Each structure stands twice: as structure tokens, then as C-alpha cells.
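Q: Submitted below is the structure of interest, expressed as C-alpha cells.
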Amino acid sequence: MDLLHHLRVFQQVADCGGFTRAAELLGLAPSSVSAAVRQLEAHLGVQLFQRTTRRVRLSGDGELLRARCQALLAGADGIEQLFRAGDRPAGLLRVEVPARMARRLVAPALPGFLADYPEVRVDLGGSDRLSDLVGDGIDCVLRVGPVRDVDLVARPLGHLRQVTCAAPALLARHPGALDLDGIAALPAVHFGHAPTGRPEPWEFSTAHGVVERPMRGRVAVANAETYIACALAGLGAIQVPRYDVADLLADGRLAEVLPAHPPPSLPATVLFPARQRESRLLRVFTDWLHALIAPHAEL
């Protein structure tokens, strides 16, 4: 029996909480995944999963094996990558990136990465959702903003410079809103929650530190594409990473507001499961991301 193979199958089923999703990620038939788990259980002489018609969950022995399995498989994968393809990284990397960042920053530069590493394949997901890295079989996720998931390893990539901006026509209708004392009179587009009429505190940098101003708006959005589209439509001001609207600022479709008081920069972070810590493929990819983001970040 190929013990490493069977342990990898077990690990995937445990991560996904089911056989069907695990089979999809492994590229195997569900029957093959079930058979591999049964063979592993027979080999070890224990029941690893408690199976019902609705769900599959780890038994006590399964929990013990999973705790040991992660480090073992990470070490085995590291050994394989060390000597595979002439010491060059190889294999499939599943990556999740915010949708607009994937479109504007990562995807245009990805051909260069793939040219440097011809044995690497990338499954690039563009989503603003909070991913379940383990359950979805994702190797790493890039997130912008504060990181709250303490169960993942975090690698900081830098802090993205931000800008406050709005459509010139909107600013022309609010000439008194172009300083810190009057900025709260400028309509804002809210990100990530429904408009309630209550003000949202926006942050601005000053020589004496960060100050807040209460911004109100009648429109809220759930993703970066719509956020910027609303600004272009004159629905309100927005605060975004500067690289994301550099072309719109350059051609005048958006105008910077309070350039002397930019919003604080946003942290960009790669998150990955602890079992991926020794992955050389992940390391070279995150090094590449770091270099890609560096021109737009305060390191």
C-alpha cells in the first residue's frame, strides 16, 4: 500500500469534511477516495471517520491521525519539491486573490511568473469572499486589510498606499468639502454594509497622526468593481488603494480629494495553512507577489 498516497487522501477528506469534494480536488473518482480511506482504516486497524447519510466527521482516532499527518505530509511534499525538476518548483498552486486585484495586478504579470517556472500550474481564483482555505483546497490567499484569522500563517507583503477620490462633477457640487473641516459634507460610497443613514468614520493622515471624519452616503456596495463604478457615476467619494485607480486619476475621470491627508495605508498579507509552511512552490510564489506589490506599497 502506498501509505503517503492514502494519507494524502485521508487529509483531503478530513479538510473538506466529505468524500465528494475531496475527490474533486484530488482528481479522483469518489469511489476511489472511499476505497483509499477504507484501506487506510484496515491498515491501521481503526475507524477514522464517523459516517452518516448527511455528513462525515473525524473519529477520535481520526483527529489523532490528522494532527500527525499534516506535519508528515508537509515534510514529504518539501522533499519531493526539493529534488523535482532540477531543484525547480513544480506542481499546482491554488491561489485566491481579491477579484479586482486579480484582474488588474496579478493576471497581467502572471505570464512572467509562469515563464520563469515552466513546471508550475496556477489555479487563480478572483474573489472578495473570505475563503475556507482548508475546506476549499486553497494553498494561499491574498487579503488586503486587517488579518483576523489566527489559525493561518500570515506573511506580510507591505502596506498599499491609499487615496480618497471622487468624480470631478461631484466635487464641483461640493466646493466647501475640500478640506478636513468640510470633508464630512461630501457624500460617500460605503463598502461592505447597507446604508443606514449613520455616519461611517473615515481616516485621514495628518502631521499629528490619524484623524477620523464621519462620512455619510446613500449607497453601499459589496465589491471593489462596484465601489469604483459608483465613484465614477458621481454617487460619492471612495477610499481605495492608489494603484487601483491610477489610470482614472491620470485621465481625469476621478480626482484626488485631500492629497495632503491620504488615508492610512492598508496591509497586504498572504495567508496559508501551517502545513504549507515548507512548500518551496508557495515560497517562490509569495516572493513573486511581494515583488509585484512593492512598487505600490510602503514596505
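Q: Can you go through PRO187, PRO168, PRO201, PRO156 and tell me which one is at pLDDT 85 or above and surrounded by 18 or more Cβ atoms within 10 Å (Cβ to Cβ)? Lay out the reasoning, then the answer.
A: Working: PRO168 fails: surrounded by 18 or more Cβ atoms within 10 Å (Cβ to Cβ); PRO201 fails: surrounded by 18 or more Cβ atoms within 10 Å (Cβ to Cβ); PRO156 fails: surrounded by 18 or more Cβ atoms within 10 Å (Cβ to Cβ).
So the residue among PRO187, PRO168, PRO201, PRO156 that is at pLDDT 85 or above and surrounded by 18 or more Cβ atoms within 10 Å (Cβ to Cβ) is PRO187.
Q: Turning to a different aspect of this structure: Given ALA268, ALA246, ALA229, ALA255, which one is of a type outside the set (Phe, Trp, Tyr), modelled with pLDDT of 95 or more and within 26 Å of the chain's Cα centre (by Cα)? Step through it out loud before you land on a result.
A: Working: ALA268 fails: modelled with pLDDT of 95 or more; ALA246 fails: modelled with pLDDT of 95 or more; ALA255 fails: within 26 Å of the chain's Cα centre (by Cα).
Sole residue among the options that is of a type outside the set (Phe, Trp, Tyr), modelled with pLDDT of 95 or more and within 26 Å of the chain's Cα centre (by Cα): ALA229.
Q: Does the range 155-185 hold any residues that are assigned to a strand (DSSP E or B) and of a type in the set (Lys, Arg), and which are they? Write out each step before concluding.
A: In the first step, residues of the range 155-185 are kept if they are assigned to a strand (DSSP E or B); the result is 155-160, 162-166.
ARG155, the sole residue that qualifies.
Q: Considering each residue of the range 285-296, count those that are buried (at least 17 other Cβ atoms within 10 Å of the Cβ) and of a type outside the set (S, T, N, Q), and give that number. Step through it out loud before you land on a result.
A: Taking the range 285-296 first, the residues buried (at least 17 other Cβ atoms within 10 Å of the Cβ) are 285-286, 288-290, 292-293, 296.
Next cut, of a type outside the set (S, T, N, Q) only: 285, 288-290, 292-293, 296.
Qualifying residue count for the region: 7.
Q: Could you check, for the range 1-19, whether at least one of its residues is of a type in the set (D, E, K, R), part of a loop (DSSP other than H, G, I, E, B), within 24 Å of LEU92 (Cα to Cα) and over 29 Å from the mean Cα position of the chain (by Cα)? Lay out the reasoning, then the answer.
A: Restricting attention to the range 1-19, the residues satisfying the condition of being of a type in the set (D, E, K, R) are 2, 8, 15.
With part of a loop (DSSP other than H, G, I, E, B) added as a condition, the list becomes 2.
Restricting the remaining residues to those that are within 24 Å of LEU92 (Cα to Cα) gives 2.
So of that shortlist, the ones also over 29 Å from the mean Cα position of the chain (by Cα) come out as 2.
Yes.
Q: In addition: Is there a residue in the range 108-127 that is at pLDDT below 85 and not assigned by TED's automatic domain parsing to the domain that holds GLN12?
A: yes
Q: A further question follows. So for the range 186-207 (the condition being acidic (Asp, Glu) and assigned to a strand (DSSP E or B)), does at least one residue qualify?
A: So far as the range 186-207 goes, yes, one or more of its residues are acidic (Asp, Glu) and assigned to a strand (DSSP E or B).
Q: Continuing with the same structure: Here is a check on your reading of the model: is GLU212 free of Cβ contacts under 8 Å to residues at least 24 places away in the same chain and surrounded by fewer than 19 Cβ atoms within 10 Å (Cβ to Cβ)? Working first, answer last.
A: Numbers: free of Cβ contacts under 8 Å to residues at least 24 places away in the same chain: yes; surrounded by fewer than 19 Cβ atoms within 10 Å (Cβ to Cβ): yes.
Yes; evaluated as a whole, the condition is true for this residue.
Q: What do you reckon, is LEU178 modelled with pLDDT of 95 or more and of a type outside the set (S, T, N, Q)?
A: In short, no.
The values are calculated or read from the model by the stated rules, or taken from the named source; none is laboratory data. Everything quoted here is computed from the prediction, not taken from an experiment. Glycine also receives a Cβ, built like all others from the backbone with ideal geometry; neighbour counts cover every protein chain displayed.
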